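Worksheet: the structure to be examined is printed underneath.
The values are calculated or read from the model by the stated rules, or taken from the named source; none is laboratory data. Because the structure is predicted, anything quoted here is derived from the model rather than measured. Positions of Cβ are generated from backbone atoms using ideal geometry, with glycine treated the same way; all protein chains shown enter the neighbour counts. Accessible surface areas use protein heavy atoms only, side chains included; no ligands, DNA or RNA. Shrake-Rupley method; radii C 1.70, N 1.55, O 1.52, S 1.80 Å.
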Amino acid sequence: MEAAAGLAMQSRTVGAAGTGPRGRRSGALGGDGPARAASLRVGGPAAAAPALRARGARPVAPLCCVQTSRGHQSLHNSVDEALLLKRKAEEVQFELNGRCIYLVGMMGSGKSTVGKILAEVLGYSYFDSDSLVEQAVGMPSVAQIFKVHSEAFFRDSESSVLRDLSSMHRLVVATGGGAVIRPVNWRYMKKGLSIMLDVPLDALAKRIAQVGTASRPLLDQPSADPYTAAFTKLSVLAEQRGDAYANADVRVSLEELAAKKGHDDVSQLTPTDIAVEALQKIKNFITEHSMASGPFDDL
């Protein structure tokens, strides 16, 4: 029995044509059934379509006080960031025309954090593809899916999720780090706009070493030095996936952004800084490719 799961939005979610009322901006897909490579059919029968639920429901709040590099909170800087973020969002909303935004990048690159900010400011709904796979398969983590089944099984389920999300509009989707390796996934993501968050491997390894690798099956290897282990594995993955990441419509380089803002290290950037840069890059992409003159053929 295949696990059937629909993306059934509640009354305040995204309209099918991308023009409906604002939806809930953080969500995960409910699903029941045995652990198989589930198909997340969109718009299925109501009886088979669990309602969208927010995981860890709490408002995304990038606009509150931000911890500055000097170690104190600055309300003034926070307000400035909020206004800039809002203005950048207003500049691209019309041209986006309801297109979905897909965030790609290495594990630990901040796709979920930045994705929630973008969804909030654009009035989109937010999804995490890993979370949708977990719920469709009926397991609590990607690591367990890898252990009980296989990476190939997970990738099949991931492609099913992206296929079904690609038929919707006004979504920000944070994808898993390896979603880019399958060409079919790019076919789905090209129905919207894809943004790569390019973070230096050293910074990624430091982040991952701090939080641990238990939830990241491709990195979870016993080692006396978590940083060295993470950096070594990330370097291999970056080499393997480099060409695939290059398919993204937009690239946000944290190294370049930090230099532009006068920071010595990418860790000094706030998630709002990165979201603002992503919106500017989207605007540039739309302008350069003359996308503002009309919607995608399938919208």
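Within the set of pairs 6 or more residues apart or between chains, which connect a residue that is at pLDDT 60 or above inside region 218-234 to a residue that is open to solvent by 70 Å² or more (accessible area, probe 1.4 Å) with Cβ atoms less than 7 Å apart?
Listed pairs, sorted by first residue: Tyr227/Lys206; Ala229/Gln221.
Restricting the search to region 245-272, which residues are open to solvent by 20 Å² or more (accessible area, probe 1.4 Å) and either β-branched (Val, Ile, Thr) or in a helix (DSSP H, G or I) (or both)?
Answer for region 245-272, where residues must be open to solvent by 20 Å² or more (accessible area, probe 1.4 Å) and either β-branched (Val, Ile, Thr) or in a helix (DSSP H, G or I) (or both): Glu255, Glu256, Ala259, Lys260, Ser267, Gln268, Pro271.
In region 160-184, which residues are within 14 Å of the chain's Cα centre (by Cα) and outside any loop (DSSP other than H, G, I, E, B)?
Val161, Leu162, Leu165, Leu171, Val172, Val173, Ala174, Ala179, Val180, listed by residue number.
Checking the condition hydroxyl-bearing (Ser, Thr, Tyr) and open to solvent by 30 Å² or more (accessible area, probe 1.4 Å), which residue from Ser160, Ser112, Ser125 passes?
Every option except Ser112 fails the conditions.
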